[in-house]
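The values are calculated or read from the model by the stated rules, or taken from the named source; none is laboratory data. Since the model is a prediction, treat every value here as computed from it, not as a measurement. Cβ atoms come from the backbone with ideal geometry, glycine included; neighbour counts cover every protein chain shown. Accessible surface is based on the protein model in full, side chains and every heavy atom, while ligands, DNA and RNA are left aside. Shrake-Rupley method; radii C 1.70, N 1.55, O 1.52, S 1.80 Å.
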Amino acid sequence: MLTPNRVGLTKKEYGGAASTLCTGCGHDSITLHIISAFYELNIEPNRVAKFSGIGCSSKTPAYFLSRAHGFNSVHGRMQSVATGAAAANRHMINIAVSGDGDTASIGMGQFVHVLRRNLPLLYVVENNGVYGLTKGQFSATSDRGSAMKKGDVNKFESIDLCSMAIDLGCGFVGRSFSGDAKQMVPLLKGGLRHRGLAFLDVISPCITFNNHEGSTKSYKFMKDNHQLIHEIGFVPSYTPIEVDYAPGTVKTVQLPDGSHITLKKIERDYDPTNRKAALDLLVEAEEKGIFLTGLFYVDPNSVPFQDVEKLSQTPLVEMSMDTLRPPESVLTEIMNELK
Amino acid sequence: MGAETVKVNDFAIHVATVNGSGSQSSNNVLMRSIFRMGIPVGGKNLFPSNIQGLPTWFTIRVNKDGWVARKVASEILICMNDQTYVEDVKALEPGAFVIHHDHMNIEAIRKDVVSISVPFSKLIAEACPEARLRKLAVNMVYVGVVAEFLGITDEAIGLAMAQQFKTKQKVIDLNKAALAAGRNYVKSSLSHIRMPLKVEAMDGTQGKILIEGNAAAALGAIFAGCSVVSWYPITPSTSLVDFFQEFSERFRVDPQTKEKNFAILQAEDELAAIGMVLGASWMGARAMTATSGPGISLMSEFIGYAYFAEIPAVVVDVQRVGPSTGLPTRTAQGDVLFAATLGHGDTKHLLLFPGNVREVYEFTAQAFDLAERFQTPVLVMSDLDLGMNFHMADPFPYLSKAPDRGKVLTDEDGDKLATWMRYGDPDGDGIPYRTLPGMKDPRGVYFTRGSGHNAKAAYTEKGSEYVEVMNRLSKKFETAKAAVPQPILTGSGTQKIGVIAYGSSDDPMLEALHLLKKEYQLSADYLRVRAFPFSGEVEKFIAAHEIVYVVEQNRDAQMASLLRMEASISAHAGKLKSIVHFDGLPIHARLIANQIFVSEESRKNLVRVA
């Protein structure tokens, strides 16, 4: 915790306020992984903007990177705030933390469109399949047939946010489990380096309202049904180290900034740059009732929003008013046209 | 109308066409050619919520004295629409001139109007060899007919056409041929009709521009340095963003790199549109959105957030008729009360009421200064009449004053940061200092939230800390009273009768004062309210008059309600008497003048009885 990184900050300095979530909450583990990812990538906290909506998950940006400005917005609308902010300042590194209610229910409209726009934003859903703050209602990601703490069984289909993200053209889609630091930290780091929107669905059991027998998002269920599609390593572009995996079991994906994501295949020969294969994999896993984690899809040629829109390389917020406001001659020209 | 007297530069032309038939360019040419002869004009578009096929009307009012607001009766009707001509003719005043297709039998409808039958289909078939273009070009034939009757010069029409069709020579040639066909038909076949309405060149429009309010708002935003615009298309605000885009792409793209110094974000809905404004403003950009009533409803959540978390936001509300979808293509001042306290909980917002296109330009620009100075949403309350109709104005002045970016602390403000509190009140004016993302000094970093927060921006559920923040917000609102546009008094201020109006009612209100004096020998003082919160002048004005008519374009007298809510004004609430108009068409001078006259007569009688 006390060793400074390349930008001279200790891991502790990437921390935030004390969490007010339940002791043992999966979300707090994710917070720690986020801290590790930023620390290990040597990102200066002031270059980061944090976004969230409403719910347990959305409280967590207060618990990491207290040296970065954060915007805890309204329920299900964080995506639009992040969009405006990213358009205004293309130099910021953006991270959004949302929940399954905040994204898959009230925020579904904005979720879909933020994916389409491909902003540079690491979008983490802390998915516990339950409404925690209002004491345990089903969410749209609760699996059909799973049971509520008080016994009710969910009768409706659940939404698979990862399939949806891939379907909508998101260029970086993965799933992990809050307790799996070894998998999550590289995924977060890869997401932060991705040029465009990186979506991570993180199963994060609610130890109070969704950790009982019958829940499909409990620690026990996850441990028994969880299957990794590969081990992941992340190699930042400025550390030219050799990949030490045996040939034939390793897939390296180069991100546009020069960094690499390394995927070690465990179960099957899987190519995460194949969008169709990614969708097939998720459908197949769902049919078999297997819970897959890993990086499902990555598009190394993703073009972020600001480049699609041909926004100035200088962030709009850094332009002086003299640059932004056209000169008087322009107004005169327009006025003459209206005479 | 007596057929013998010649009426120069004082009449209205009502054109009835079918939506999507291309009549808009002909109407623009007709209006602009009169304007080019130096005669004051106003153009009002009455259109359906439809792309093609439903009836649409365009009214051009010509008035040498500059009274170009809506006038109910038009002296000339041009009937190009089979669906509506019977009703259109029935609505005319006796003696009006009806220029119509030769298959329409006007005399069967009324005998007290002048029928001018024109074989439009035959004329355009001769003038335009290409059959597919005839539907469009036929509209220019009626321009030719009107031009010949009224005396509009070819020179003026040539200038108007060049402006309308730019350098498209083929289009200009075609339209000139259609125009000539109309003129020639009048000369050859209609010389028996005596037309007492004439235009005569004058110098009433020298140097002036004709502009729609939405273009004016777009210019206000551009010249205020607005760099992020987000929106969801909605009538009647859509053209505002279209103009912003058009002007920005012409003048704000780097000629070498082709990079833009502005971002236009077409959102998925108005919830997102305002969210994008907040994100961009929070990041430090000048950002705005444009919308109308239904969008305002959706934005209430984020506007409340912006009020409480103190984030600048500029919203131009081009008001249309509500409630609900209402009449999407008709005008109203129906969002006033809703906008003033938009959002749940205790909220109050700065509202600006531009009364003309020049003010639409200036207030939109000023809204950015106010939003950043007061770190709060500012709503520019335009409406369809201002936004989508053509208004005359002097050319807009360049905004040479440096933009006011408000109280922002940066890494350079080391000492101030030591004691800085995001929601504190160090200057005693209720306005805190904000910081922007990207800041290096950790003392200047804070977490923005819509949940309860104390002066230090930390989460709180403590009643006393919440009250402190809310009371400071009230104080900030009080401070804003002196910074918003102040009311304008017309008249000596010493009359017994007072009138309060705002926004697009200004032109008709001024004309109504003229009518009251000329026809009823009544004088009144007129105070035009230009912003909420109200300045102390408003209370003084009400206190100083026996009766104050509040003129507005909604059913429920929303401005009057807002006035009564003000503690100092509520003492004089009994003096306020409302004149409302809300059928979706712009309010007009005759209605205001007549209602004030009738009310004053009954007041006189009451005094006599007493």
field: Unmet criterion (only one of (1) over 19 Å from B:I222 (Cα atoms); (2) more than 10 Å from chain A (Cβ to nearest Cβ)) for B:M288
entry: (1)
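This table checks each residue for (1) touching a residue at least 24 places away in the same chain (Cβ under 8 Å); (2) of a type in the set (S, T, N, Q); (3) open to solvent by 40 Å² or more (accessible area, probe 1.4 Å).
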site	(1), (2), (3)
B:M381	yes, no, no
B:N389	yes, yes, no
B:A393	yes, no, no
B:V408	yes, no, yes
B:A418	yes, no, yes
B:R434	yes, no, no
B:P437	yes, no, no
message: Could you check the stretch A:74-99 and list, in sequence order, the residues that are crowded, with 24+ Cβ neighbours inside 10 Å, in contact with a helix residue (DSSP H, G or I) (Cβ under 6 Å, 6 or more places away or on another chain), more than 7 Å from every other protein chain (Cβ to nearest Cβ) and not in a strand (DSSP E or B)?
response: A:G76, A:Q79
message: Can you find, within the stretch B:435-464, the residue that is nearest to the other protein chains (Cβ to nearest Cβ) among those that are assigned to a helix (DSSP H, G or I) and within 28 Å of A:V48 (Cβ to Cβ)?
response: B:P442
- line: The residue from B:G326, B:G343, B:G355 that alone is free of Cβ contacts under 8 Å to residues at least 60 places away in the same chain, more than 8 Å from every other protein chain (Cβ to nearest Cβ) and under 21 Å from the mean Cα position of the chain (by Cα) is B:G326
task: Give the stretch B:1-46 a look and list any residue that's open to solvent by less than 10 Å² (accessible area, probe 1.4 Å), closer than 19 Å to B:P586 by Cβ and either out of contact with any strand residue (DSSP E or B) (no Cβ under 9 Å at 6 or more places or on another chain) or among the polar types (S, T, N, Q) (or both), or say none.
output: B:N27
message: Condition first: outside any loop (DSSP other than H, G, I, E, B), buried (at least 20 other Cβ atoms within 10 Å of the Cβ) and of a type in the set (S, T, N, Q). Now tell me which residues in the stretch A:300-339 satisfy that.
response: A:Q306
task: Go through the stretch A:299-339 residue by residue and tally those that are touching a residue at least 60 places away in the same chain (Cβ under 8 Å), closer than 24 Å to B:D404 by Cβ and of a type in the set (V, I, T).
output: 1
message: Quick check on my filter: what residues within the stretch A:46-73 are facing chain B (nearest Cβ under 7 Å), surrounded by 24 or more Cβ atoms within 10 Å (Cβ to Cβ) and under 24 Å from A:D307 (Cα atoms)?
response: A:A49
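From the list B:T205, B:T257, exactly one residue is surrounded by fewer than 24 Cβ atoms within 10 Å (Cβ to Cβ), touching a residue at least 24 places away in the same chain (Cβ under 8 Å) and either assigned to a loop (DSSP other than H, G, I, E, B) or at the interface with another protein chain (Cβ under 7 Å from one of its Cβ atoms) (or both). Which is it?
On the way: B:T257 fails: touching a residue at least 24 places away in the same chain (Cβ under 8 Å).
The conditions single out B:T205.
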- request: Output the helices (runs of 4 or more DSSP H) that fall wholly within the stretch B:533-610 and possess 2 or more residues being of a type outside the set (G, A, S), or say none.
  value: B:536-543, B:558-565, B:589-609
Search result, residues across the stretch A:119-138 that are surrounded by fewer than 24 Cβ atoms within 10 Å (Cβ to Cβ) and at pLDDT 95 or above: A:P120
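Report yes if B:A218 is modelled with pLDDT of 95 or more, within 29 Å of B:D102 (Cα to Cα) and surrounded by 24 or more Cβ atoms within 10 Å (Cβ to Cβ), otherwise no.
On the way: modelled with pLDDT of 95 or more: yes; within 29 Å of B:D102 (Cα to Cα): no; surrounded by 24 or more Cβ atoms within 10 Å (Cβ to Cβ): yes.
Considered against the rule, which asks whether it is modelled with pLDDT of 95 or more, within 29 Å of B:D102 (Cα to Cα) and surrounded by 24 or more Cβ atoms within 10 Å (Cβ to Cβ), B:A218 comes out as no.
Just wondering, is there one or more residues in the stretch B:231-246 that are out of contact with any Lys or Arg (no Cβ under 9 Å at 6 or more places or on another chain), at the interface with another protein chain (Cβ under 7 Å from one of its Cβ atoms) and crowded, with 21+ Cβ neighbours inside 10 Å? Lay out the reasoning, then the answer.
Let us first name the residues in the stretch B:231-246 that are out of contact with any Lys or Arg (no Cβ under 9 Å at 6 or more places or on another chain), namely B:231-233, B:238-246.
Pick out the ones that are also at the interface with another protein chain (Cβ under 7 Å from one of its Cβ atoms) and you get none.
No, the stretch B:231-246 has no match at all.
Would you confirm whether any residue within the stretch A:124-131 is within 14 Å of another protein chain (Cβ to nearest Cβ) and among the hydrophobic types (A, V, I, L, M, F, W, C)? It would help to see each step written out before you state the result.
So in the stretch A:124-131, the residues within 14 Å of another protein chain (Cβ to nearest Cβ) come out as none.
No, the stretch A:124-131 contains no residue that is within 14 Å of another protein chain (Cβ to nearest Cβ) and among the hydrophobic types (A, V, I, L, M, F, W, C).
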- prompt: If you scan the stretch A:73-96, which residues turn out to be within 24 Å of A:I207 (Cβ to Cβ) and more than 16 Å from the chain's Cα centre (by Cα)?
  reply: A:H75
